[in-house]
1. Being surrounded by fewer than 19 Cβ atoms within 10 Å (Cβ to Cβ) and out of contact with any His (no Cβ under 9 Å at 6 or more places or on another chain), is that true of even one residue in segment 124-133?
2. Go through the residues of segment 62-77 one by one and say whether even a single one is in contact with a Ser or Thr (Cβ under 8 Å, 6 or more places away or on another chain), polar (S, T, N, Q), assigned to a helix (DSSP H, G or I) and under 22 Å from residue 4 (Cβ atoms).
3. Please work out which one of (1) at pLDDT 95 or above; (2) open to solvent by less than 10 Å² (accessible area, probe 1.4 Å); (3) outside any helix (DSSP H, G or I) is the condition residue 168 fails and give its number.
4. Return a yes/no flag: does segment 17-26 have any residue that is touching a helix residue (DSSP H, G or I) at 6+ places or on another chain (Cβ under 9 Å), under 21 Å from residue 115 (Cα atoms) and modelled with pLDDT of 85 or more.
5. Could you grab the pairs with beta carbons closer than 8 Å, sequence gap of 6+ or different chains, first residue in segment 43-54 and part of a helix (DSSP H, G or I), second one open to solvent by 40 Å² or more (accessible area, probe 1.4 Å) and modelled with pLDDT of 75 or more?
6. Need the failing condition index for residue 90 against (1) at pLDDT 90 or above; (2) in contact with a strand residue (DSSP E or B) (Cβ under 9 Å, 6 or more places away or on another chain), just the number.
7. Taking the conditions exactly as written (surrounded by fewer than 16 Cβ atoms within 10 Å (Cβ to Cβ) and either among the hydrophobic types (A, V, I, L, M, F, W, C) or more than 24 Å from residue 2 (Cα to Cα) (or both)), does residue 249 satisfy them or not?
8. State the number of residues belonging to segment 172-194 that are at pLDDT 90 or above, within 23 Å of residue 293 (Cα to Cα) and surrounded by fewer than 17 Cβ atoms within 10 Å (Cβ to Cβ).
Amino acid sequence: MAVPQMIAVSLPGSGTSLLADVTGALGYTSYGTMSGDPAAGAGHPGPGEVYSLLTAAYGPDRTALLLDPRHDRDALESAFQQAVGALWRVWWSRLGQPTTHASPADPDTESRLARLPDTTLLTLLPGRGCWYVTGLDLHNTDADFLRTWHTRSQPPIVHHHRDIRDRIISQIRALSQPVDRVGSLPQHLIYRDILATRPTLDDKITLALTDPGFPGMREAHRGQWLLHHPAVCVITHEELAGPALGGSTDARAQALTRLLRATGHPAPPEAVDIPPPPSDAAADDLAVGIGRELFTSAHERLLRHHHSALLPPEPPCATPQKAGTGVPAPPGARA
């Protein structure tokens, strides 16, 4: 049975839209950094979901009053939406993500929900949801949440990442757009202003490689544990890209199989109506290898100096052999 909630950790510039298209096709509403319109049927409360959330947020007495047929239906809808908003903030805080002090949610409601154990919180969000975050820092994520996840491996965590060169180029392009298209993340707004002062693409790449605060860098270094933990489902952008964007059909199918297995989805990938990756001109930013084309040798040196831990291991070099013998050649010998 498919799990009701999941977490997707996708660094800025990783082509997160490809993964969001997949999770949306599986019926998950995107929360967090990929919040958007829910897919058909997703995000809407099912039988029993309204009562359980209202009771957790307001207590049984007020819930009985709100659900009384003689009570104002608009008040019920408003109370439910406020409870959902408060629950959203509680989840977001437990995942170690930044929140603002100003909130339309009632502080008492949020405080009441914040005291609930994680096993209960998992059951309260309506429908099926996928929480998109740009990082999951063990130092900032709620300790009780991590203990519960360690014990149950629920909700499943998917780590979606991309070659650092491609990710940097994608981020630079995204942060070079008009301010109304950059989004609302404060660090993105700040670095949009900074990038605007750099006259060339080379200068912008150098900034991204040398400034530890550039969006995605700190998250990448602090999130290395996600690549190694056996309960995390790791999927790369290169796998999801498919042949239209420089990947392969087999790699995409294998990645989708791992994702379906991690979320408990009973059907094989070919039986699920998952849209293919885009292939139009707007998808150029999602193509595999854009960074390798634009990085200079100086950029490659900076990359290895500052971020060698983020690079995949180099393939082992083949040992040269004497021609026709199958025996390794001694140093300096010619084949």
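1. The initial filter retains those residues of segment 124-133 that are surrounded by fewer than 19 Cβ atoms within 10 Å (Cβ to Cβ), namely 127.
Retained after the next criterion (residues that are out of contact with any His (no Cβ under 9 Å at 6 or more places or on another chain)): none.
Within segment 124-133, not a single residue is surrounded by fewer than 19 Cβ atoms within 10 Å (Cβ to Cβ) and out of contact with any His (no Cβ under 9 Å at 6 or more places or on another chain).
2. Here is the first cut: in segment 62-77, the residues in contact with a Ser or Thr (Cβ under 8 Å, 6 or more places away or on another chain) are 63.
Imposing the further condition that a residue be polar (S, T, N, Q) reduces the set to 63.
The next check asks that each one be assigned to a helix (DSSP H, G or I); those that pass are 63.
Narrowing further to those that are under 22 Å from residue 4 (Cβ atoms): 63.
Yes - at least one qualifying residue is present in segment 62-77.
3. Condition not satisfied by residue 168: (3).
4. The answer is no; no qualifying residue exists.
5. From residues that are part of a helix (DSSP H, G or I), the pairs are 50/67; 51/67; 52/123; 54/62; 54/67.
6. All conditions are met except number (2).
7. Yes, satisfied.
8. Residues meeting the conditions: 2.
The values are calculated or read from the model by the stated rules, or taken from the named source; none is laboratory data. Bear in mind that the values here come from a model prediction, so they are computed numbers and not experimental data. Neighbour counts are summed over all protein chains in view; Cβ atoms, including those assigned to glycine, are modelled from backbone coordinates with ideal geometry. Protein only, heavy atoms only, side chains kept; ligands, DNA and RNA dropped before computing areas. Shrake-Rupley method; radii C 1.70, N 1.55, O 1.52, S 1.80 Å.
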